[in-house]
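Following: one structure in structure tokens, then a few remarks.
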Protein chains: 2
Amino acid sequence: MKTQSVVEDYVKVIYSHTEWQPEPITPSVLAARLGLAASSVTEMVKKLAAQGLATHVKYGAVTLTAQGTELALRMLRRHRLIETWLVEQYAYRWDEVHDEAEVLEHALSDRLLDAIDEQLGFPSRDPHGDPIPARDGTITRPVGVLLRDASEGSTGRVVRISDRDPLLLRHLEAEGITLDTDLTVIGRAPFGGGFLVRLGAHAGDATSAATGATPADLDLGDQALESIWIAAA
Amino acid sequence: MKTQSVVEDYVKVIYSHTEWQPEPITPSVLAARLGLAASSVTEMVKKLAAQGLATHVKYGAVTLTAQGTELALRMLRRHRLIETWLVEQYAYRWDEVHDEAEVLEHALSDRLLDAIDEQLGFPSRDPHGDPIPARDGTITRPVGVLLRDASEGSTGRVVRISDRDPLLLRHLEAEGITLDTDLTVIGRAPFGGGFLVRLGAHAGDATSAATGATPADLDLGDQALESIWIAAA
DNA sequence: GCTAAGATTTCGGTGTGCCGAAAACTGGTC
DNA sequence: GACCAGTTTTCGGCACACCGAAATCTTAGC
Ligand SMILES: [Mn+2]
Ligand SMILES: [Mn+2]
Ligand SMILES: [Mn+2]
Ligand SMILES: [Mn+2]
């Protein structure tokens, strides 16, 4: 029986939930991510379990089986390759690729996908820094910490930005933050002030927000802090 | 209400039936082309009519309204642009593109389609010689006659080959017949013999099958005669 | 332990597109 | 004008994926 695109989406969301954080997904979160009613999700999860793609603790979390993980990685590979391809070949901006990829990932044949992979030179990450699983299902997560958790004064390079919100992506690009941007964490301004970062690597001359902040420093909002991952430059 | 891909397929088949031949399609033929039961088609045609895409003479033919024709041309543009793109960009052979296009035509966004159109230099025909409707719905049918109806001794250039049967396409390519191939109609060999053509333009030295056939002449089967269109070279 | 808020599941129901069988219709033949 | 073969339509039913409302379960707070 052919895997329908609905199943592909469920499995992809279930997998993605644990990609940057360890807690398995619950039915209500799954429903929210898919834009469906909780009752619909319960039913579908039952079918996933019946197909051997997921296991489900009743009244609890949903996890993927090895088979489900395999399918999820295939879909992630498709999604991310397509996003990369749209940017490289068709001048899409990084905030414009997600929706198109969301549709195309279910439609391209393996053959076409392989041809695209080759055309792109077998890329290892997508426009948002997410790793592209290899054809054999291998995936290498970039090391990095969430900007929110970065220590004050540290310097790092942006290795991943969540592509969930296109508006945030456009904003960050306008501010000069994209993949591989070096930045220095100034820290949180006192008395409930914003979280400041400085573009470029300034290891050594970085100072705390209390003393060394300059007007040129960027004040990032909470959403950005939860969306940007950095690694030692 | 978004047009579903099922509707798009119905409308495309209805239109295509009158593209090279004037009789409107009947429910049974429509069912055969779509691989569905006649009863399913009756129901769906009713819905097409309700949506203003088709008109249906009860117990009779199905025809498209202006609106239905517009949708059909949009879909044909998609299908044929995609076929062309697969051949030009991804080294598909002309007998391999149809199935992939059949899926992708429902999935690509208008934006991506336009980008592809531009990348290809706004092609006017697909790998099988079918005209690609312009964005405004304009379509220019190539002039040409079915090879079956070509007069003996005439010379012509292949302007269109039906892409319905991949095996025929491969066969013809192996025999040296593709788009723009010049050929001379020798004619039907006597006593129920095959239909002979000679590669290249040999206006003047063409002779009837009875007298001038040579071993090198190609003997085309009935299916080919019904699938190849030629025009004066 | 009890309770209640919140999450999850169950249940009845919907829309879409499909099917086979049976009924209704058509067009040609005599 | 009656008949018949083939076509088309009607009809009851199914699979899929979804929904809201009601019932059930979990768990955190007391
Ligand atoms: Mn994405
Ligand atoms: Mn991405
Ligand atoms: Mn085709
Ligand atoms: Mn074609």
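The table for this structure:
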item: Residues (within 16 Å of DNA strand C (Cβ to nearest atom), acidic (Asp, Glu) and not in a loop (DSSP other than H, G, I, E, B)) located in the range B:81-114; result: B:102
item: Any helices (runs of 4 or more DSSP H) falling wholly within the range B:1-77 and containing at least 3 residues that are within 23 Å of residue B:113 (Cα to Cα) and not small (Gly, Ala, Ser); result: B:5-17
item: Top-ranked residue in the range A:67-91 [being of a type in the set (Val, Ile, Thr) and open to solvent by 30 Å² or more (accessible area, probe 1.4 Å); ranked as nearest to residue A:50 (Cα to Cα)]; result: A:69
item: Any hit, the range A:103-114, residues being over 18 Å from residue A:13 (Cβ atoms), within 21 Å of the chain's Cα centre (by Cα), in the same structural domain as residue A:134 (by TED's automatic domain parsing) and in contact (Cβ under 8 Å) with a residue 40 or more places away in the chain; result: no
item: Failed criterion for residue A:5 (all others in (1) within 14 Å of chain B (Cβ to nearest Cβ); (2) away from ligand 1 (no atom under 16 Å from the Cβ) hold); result: (2)
item: Single residue of the range A:15-36 satisfying the filter (touching a Lys or Arg at 6+ places or on another chain (Cβ under 9 Å) and among the hydrophobic types (A, V, I, L, M, F, W, C)) that is surrounded by the most Cβ atoms within 10 Å (Cβ to Cβ); result: A:25
item: Verdict on residue A:39 being in contact (Cβ under 8 Å) with a residue 40 or more places away in the chain, open to solvent by 30 Å² or more (accessible area, probe 1.4 Å) and more than 16 Å from ligand 4 (Cβ to nearest atom); result: no
item: Residue in the range A:194-203 that is touching a helix residue (DSSP H, G or I) at 6+ places or on another chain (Cβ under 7 Å) and in a loop (DSSP other than H, G, I, E, B) present; result: no
item: Residue list for the range A:115-131, restricted to those being charged (D, E, K, R) and farther than 14 Å from residue A:76 by Cα; result: A:118
item: Any chance residue A:120 is touching a Lys or Arg at 6+ places or on another chain (Cβ under 9 Å) and among the hydrophobic types (A, V, I, L, M, F, W, C); result: no
item: Answer residue from the range A:94-106, given it is within 11 Å of residue A:75 (Cα to Cα) and open to solvent by 20 Å² or more (accessible area, probe 1.4 Å) and is nearest to the other protein chains (Cβ to nearest Cβ) among those; result: A:106
item: Hits in the range A:44-73 (condition: under 25 Å from residue A:138 (Cα atoms) and among the β-branched types (Val, Ile, Thr)); result: A:55, A:62, A:63, A:65, A:69
item: Options B:132, B:116; residue that is aliphatic (A, V, I, L, M) and either more than 14 Å from every other protein chain (Cβ to nearest Cβ) or over 14 Å from residue B:84 (Cβ atoms) (or both); result: B:132
item: Scope the range A:126-174; condition at pLDDT below 95, assigned to a loop (DSSP other than H, G, I, E, B) and among the hydrophobic types (A, V, I, L, M, F, W, C); matching residues; result: A:143, A:150
item: Count of residues meeting criterion [within 14 Å of chain A (Cβ to nearest Cβ) and touching a residue at least 60 places away in the same chain (Cβ under 8 Å)] in the range B:66-93; result: 3
item: Filter result for residue B:7 (of a type in the set (A, V, I, L, M, F, W, C) and open to solvent by less than 60 Å² (accessible area, probe 1.4 Å)); result: yes
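Residue-by-condition table, conditions (1) open to solvent by 70 Å² or more (accessible area, probe 1.4 Å); (2) without any contact (Cβ under 8 Å) to a residue 12 or more places away in the chain; (3) away from ligand 3 (no atom under 16 Å from the Cβ); (4) not assigned by TED's automatic domain parsing to the domain that holds residue A:227:
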position: A:126; (1), (2), (3), (4): no, no, yes, yes
position: A:129; (1), (2), (3), (4): no, no, yes, yes
position: A:152; (1), (2), (3), (4): yes, no, yes, no
position: A:155; (1), (2), (3), (4): no, no, yes, no
position: A:160; (1), (2), (3), (4): no, no, yes, no
position: A:168; (1), (2), (3), (4): no, no, yes, no
position: A:173; (1), (2), (3), (4): yes, no, yes, no
position: A:177; (1), (2), (3), (4): no, no, yes, no
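The values are calculated or read from the model by the stated rules, or taken from the named source; none is laboratory data. A quick note: this is a predicted structure, and the numbers were derived from the prediction, not measured. Glycine also receives a Cβ, built like all others from the backbone with ideal geometry; neighbour counts cover every protein chain displayed. Note: accessible area is taken over every heavy atom of the protein model, side chains too, but ligands, DNA and RNA are not part of it. Shrake-Rupley method; radii C 1.70, N 1.55, O 1.52, S 1.80 Å.
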